[in-house]
Every structure is written in C-alpha cells, then in structure tokens.
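Here is the structure we will look at.
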C-alpha cells in the first residue's frame, strides 16, 4: 500500500520505491508537475486504476433519497454501489448510502 506520511513539521514523506522510480535522491526536491505527468503510470505501478465517472453513476447519485446533498460524496457512493466496490472512509455520512463502507 502506498501512503504519504505528514510529519509533525508538516512535511510529507514519500516511499522509497516511489523516489527510486522518480530518480530522486535524498535532499533533492520533487517536482509536483513530474508526479502529475506520470500519475497514471505511478497509479498502475501500485496496483490501482482510474475509475471513470459515467452517466449511470451520475443518475444513481442524483436518485438517492439520503439527506446528505454533497454531490461528490453522492458520486463516490454511487460508484461504490454500482461497481460493487468498498468505499474506504471514516466519514459516517456514507452509512446513509447503499454501498459497502470500510472504516
């Protein structure tokens, strides 16, 4: 699992594998634009893939009767429900939606 750690000083720690992939040595700066340009490769290298937003997701998100109106949260719930995925979140809001939630 890839994670970023924020130190008590507000700094972010990148995993060694990612730094090696980017060719970054200790003390060097990381260009965020390089990370973004190589996003798909980095994502795939960690075993993840992008999930497109489809009209079906949008229609399902709009059809929920839950009180929570945040469109992004509704879209995440719809994607999890329709794609039979588990939504990982500690936000209790997602308990209102008919999707599997972990945390």
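The values are calculated or read from the model by the stated rules, or taken from the named source; none is laboratory data. Since we're looking at a predicted model, the values are computed, not measured. Quick reminder, even Gly has a Cβ in these numbers, built from the backbone with ideal geometry, and neighbours come from all protein chains shown.
Restricting to the stretch 49-74, name every residue that is under 13 Å from the mean Cα position of the chain (by Cα) and either surrounded by 13 or more Cβ atoms within 10 Å (Cβ to Cβ) or on the phi > 0 side of the Ramachandran plot (or both). The answer is 73, and nothing else.
The condition (being closer than 30 Å to residue 99 by Cα, at pLDDT 80 or above and either out of contact with any helix residue (DSSP H, G or I) (no Cβ under 7 Å at 6 or more places or on another chain) or not in a loop (DSSP other than H, G, I, E, B) (or both)) is satisfied by just one residue among 51, 43: 43. Only a single criterion out of (1) surrounded by fewer than 10 Cβ atoms within 10 Å (Cβ to Cβ); (2) within 23 Å of residue 88 (Cα to Cα) is not satisfied by residue 8, namely (2). Scanning the stretch 82-103 for residues that are exposed (fewer than 15 other Cβ atoms within 10 Å of the Cβ), under 15 Å from residue 66 (Cα atoms) and in contact with a strand residue (DSSP E or B) (Cβ under 8 Å, 6 or more places away or on another chain) yields one hit, 95.
Checked against the criteria, residue 87 counts as under 30 Å from residue 22 (Cα atoms) and not in a loop (DSSP other than H, G, I, E, B). Just one of (1) modelled with pLDDT of 85 or more; (2) part of a helix (DSSP H, G or I); (3) in contact with a helix residue (DSSP H, G or I) (Cβ under 8 Å, 6 or more places away or on another chain) fails for residue 95. It is (3).
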